[in-house]
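The values are calculated or read from the model by the stated rules, or taken from the named source; none is laboratory data. Not measured: the values here are computed from a predicted model. Cβ coordinates were reconstructed from backbone atoms using ideal geometry, including for glycine residues, and neighbour counts include every protein chain displayed.
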Amino acid sequence: MSTPLHTPAADRYEHLPYRRAGRSGLDLPAFSFGLWQKFGPDHSYEKRREIVLHAFDLGITHFDNADRYGPPPRGAQKFFGRVLARDLAPHRDELILSTKAGNPIGASPYQKGASRKSLLASLDHSLRDLGTDYVDVFYSHSPDLSTPLEETVGALVSAVQQGKALYAGISNYLPDRAGEVATLLREAGVPLLLHQPRYSIFDRRPERNGLLELAAEEGFGVIVYSPLAQGLLTDKYLADIPEGARAQASAFLSPDVIDATYRERAAALNKLAGERGQSLAQLALQWVLRRPEVTSALIGASSTGQLDHNLRALDFAPLTGEELALIDEHGVHGTGLKL
Ligand SMILES: NC(=O)c1ccc[n+]([C@@H]2O[C@H](COP(=O)([O-])OP(=O)(O)OC[C@H]3O[C@@H](n4cnc5c(N)ncnc54)[C@H](OP(=O)(O)O)[C@@H]3O)[C@@H](O)[C@H]2O)c1
């Protein structure tokens, strides 16, 4: 191993709370970092590296990836593998690395879906991309109704039993199917560690469809993605769409959703945040973490400044009942999102 380039901050564990994932033994940082967008080779390696290392220096131990992230697919994992090899290799045991498989990444019938073949072939490829012998969490990225659930769960169990993953997770599963997965995994001796749904002030499904209650009953943790609704729950789109913002450059956030209705609701939430002395982003992050079932808020960032700002979200007084009611009034489910 060559000399690592980066010396991590000595005080890195003094910034964030760590929260237990369900009834497992694993703690995750209140904020985890995802490499979904702007972490492929189209973006500067140095800038991407700076963000990841800054996150680690702030106590973010958990980095979330997927075979699909880039673009192109596998781009973000190959990038992370390089940072791991050059900078973080001595700290592998301090990192919780996750990957996912099952969403389409190519034309082959084995590059999509949640069959045993697709999931385990992808995992092997991801381990090569990341340059690690194991990931900490391996997810079925989305439900695949054309594959028997037993086959999908069997692949997750094999991944753990083969030592290629320490824990199993699922993402985007509705509660009924998530409950079935939890039962099957428990019977196999590999309890479900995490569910990864989308949850934010503008996407209330996990609290409406019973997923959060299911998590508490079954004992799995919930790590929620896009808690800032990809940036809609920040002040950046209140006036215009700034140069380089995700809504200008991403296939996943269309500028069409930034309309008058969105702006009116976001402005009202921004005002409430201002009255509390915080920003809309900080309010939105504090809001998802108010639920004890939520282990971690899985955020993205395109600069170290966004990370510094967002991680201060828990420095503010807890939200009162009155404030939560105001958030319900203006944080209308579905705002700005294609549900
Ligand atoms: N399981 C799944 O199916 C699934 C799906 C989606 C995401 N995920 C995971 O969740 C992670 C996070 O998703 P996400 O990136 O959508 O989360 P997010 O935290 O809702 O959005 C992050 C984006 O918001 C903008 N932003 C952040 N802080 C800001 C601030 N203080 N002021 C202004 N703008 C700010 C940045 O975009 P700009 O580029 O505009 O600066 C940033 O990249 C992903 O990386 C991935 O790991 C999982």
Q) Could we say that ALA55 is touching a strand residue (DSSP E or B) at 6+ places or on another chain (Cβ under 6 Å), of a type in the set (A, V, I, L, M, F, W, C), crowded, with 18+ Cβ neighbours inside 10 Å and at pLDDT 95 or above here? A) yes
Q. In the set GLY81, GLY25, which member is surrounded by fewer than 21 Cβ atoms within 10 Å (Cβ to Cβ), free of Cβ contacts under 8 Å to residues at least 12 places away in the same chain and either away from the ligand (no atom under 12 Å from the Cβ) or assigned to a strand (DSSP E or B) (or both)?
A. GLY25
Q) So which residues in region 302-338 are surrounded by fewer than 10 Cβ atoms within 10 Å (Cβ to Cβ) and within 16 Å of the ligand (Cβ to nearest atom), if there are any at all? A) LYS338
Q: Return the pairs, sorted by first residue and then second, in which the second residue is of a type in the set (Val, Ile, Thr), the first residue lies in region 209-227 and is more than 15 Å from the ligand (Cβ to nearest atom), the beta carbons are less than 7 Å apart, and the residues are 6+ apart or on different chains.
A: LEU212/VAL222; ALA215/VAL222
Q: Report the residue count in region 53-76 for those that are farther than 22 Å from ALA21 by Cβ and of a type outside the set (Gly, Ala, Ser).
A: 9
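Based on this model, can you work out whether ARG68 counts as more than 12 Å from the ligand (Cβ to nearest atom), basic (Lys, Arg) and either assigned to a loop (DSSP other than H, G, I, E, B) or surrounded by 14 or more Cβ atoms within 10 Å (Cβ to Cβ) (or both)?
no
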Q) Only one residue in LEU88, LEU58 is more than 14 Å from the ligand (Cβ to nearest atom) and not β-branched (Val, Ile, Thr), so which one is that? A) LEU88
Q) Going through region 271-304 one residue at a time, which ones are more than 25 Å from LEU97 (Cβ to Cβ) and either assigned to a helix (DSSP H, G or I) or in contact with a Cys (Cβ under 9 Å, 6 or more places away or on another chain) (or both)? A) LYS271, LEU272, ALA273, GLY274, GLU275, LEU280, ALA281, GLN282, LEU283, ALA284, GLN286, TRP287
**Q.** Residue that is surrounded by the most Cβ atoms within 10 Å (Cβ to Cβ), among those in region 105-119 that are within 16 Å of the ligand (Cβ to nearest atom) and in a loop (DSSP other than H, G, I, E, B)
**A.** ALA114
Q) For region 90-104, does any single residue satisfy the condition of being among the polar types (S, T, N, Q), part of a helix (DSSP H, G or I) and on the phi < 0 side of the Ramachandran plot? A) no
(Q) Can you pull out every residue in region 242-253 that is more than 9 Å from the ligand (Cβ to nearest atom) and at pLDDT 90 or above? (A) GLU243
Q: Return the total of residues in region 1-22 being part of a loop (DSSP other than H, G, I, E, B) and under 20 Å from the mean Cα position of the chain (by Cα).
A: 5
(Q) I'd like to know if region 229-248 contains one or more residues that are within 13 Å of the chain's Cα centre (by Cα) and closer than 22 Å to ARG265 by Cα. (A) yes
Q) In region 254-289, how many residues are away from the ligand (no atom under 14 Å from the Cβ) and either β-branched (Val, Ile, Thr) or under 22 Å from SER171 (Cβ atoms) (or both)? A) 1
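Every residue, every condition in (1) within 25 Å of LEU97 (Cβ to Cβ); (2) within 19 Å of the chain's Cα centre (by Cα), yes or no:
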| site | (1), (2) |
| --- | --- |
| ASP176 | no, no |
| ALA182 | yes, no |
| PRO191 | yes, no |
| ILE201 | no, yes |
| ARG208 | no, no |
| GLU213 | no, no |
